[in-house]
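Structure first, commentary second.
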C-alpha cells in the first residue's frame with residue numbers, strides 16, 4: 001500500500017495536469033470585432049451574443065420601398081436604430097408614426113411593440129442594436 005504523502009503528491013500532480021486542460025468547455029471572452037456591412041438579404045445578424053458580446057445583439061437591415069419589418073417587441077431589451085440611408089417611419093404602438101430620414105438615430109424602450117417601414121423611393125438601410133436594459137427600481 002502506498003504511503004499517504006505519495007498518494008497526496010500523486011493527487012496534486014493530477015490536479016495540476018487536469019487544471020491545465022479543462023474538462024468542461026469554457027466560455028470565450030468577447031473580443032473586439034470589425035464587421036463589413038454586407039447583406040444579401042433583408043435582415044442580417046451582425047453581433048449574435050456569447051461569445052461575441054455580453055448580451056448585445058445587432059444586425060443590418062435593408063428594406064425596399066414599401067417594405068416593413070413587421071410588428072415586434074424586443075421584450076426586456078432596449079433597441080437603437082442607426083439609419084444609414086433612405087427614409088421611413090418608426091411605428092410605435094399607441095403613438096403617432098415618427099418619420100425619419102438618414103442620418104438618424106431612433107431609440108425604442110424595452111417592451112414597446114414597434115415596426116419600421118420604408119416610406120421612401122430608395123432602399124432604407126439601418127443597423128439595429130439590442131441590449132439588455134437595466135431594471136429601474
Segment 119-137: number of residues that are assigned to a loop (DSSP other than H, G, I, E, B) and closer than 23 Å to residue 95 by Cα: 4
Residue 116 in contact (Cβ under 8 Å) with a residue 24 or more places away in the chain, surrounded by fewer than 18 Cβ atoms within 10 Å (Cβ to Cβ) and part of a strand (DSSP E or B): no
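Per-residue answers, yes or no, for (1) surrounded by 13 or more Cβ atoms within 10 Å (Cβ to Cβ); (2) at pLDDT below 90; (3) on the phi < 0 side of the Ramachandran plot:
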position	(1), (2), (3)
26	no, yes, yes
56	yes, yes, yes
63	yes, no, yes
71	no, no, yes
75	no, no, no
80	yes, no, yes
108	yes, no, yes
124	yes, no, yes
133	yes, yes, yes
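The values are calculated or read from the model by the stated rules, or taken from the named source; none is laboratory data. As the structure is a prediction and not an experimental result, all values here were calculated from the model. All Cβ positions, even for glycine, are placed from backbone atoms using ideal geometry, and neighbour counts span all protein chains on display.
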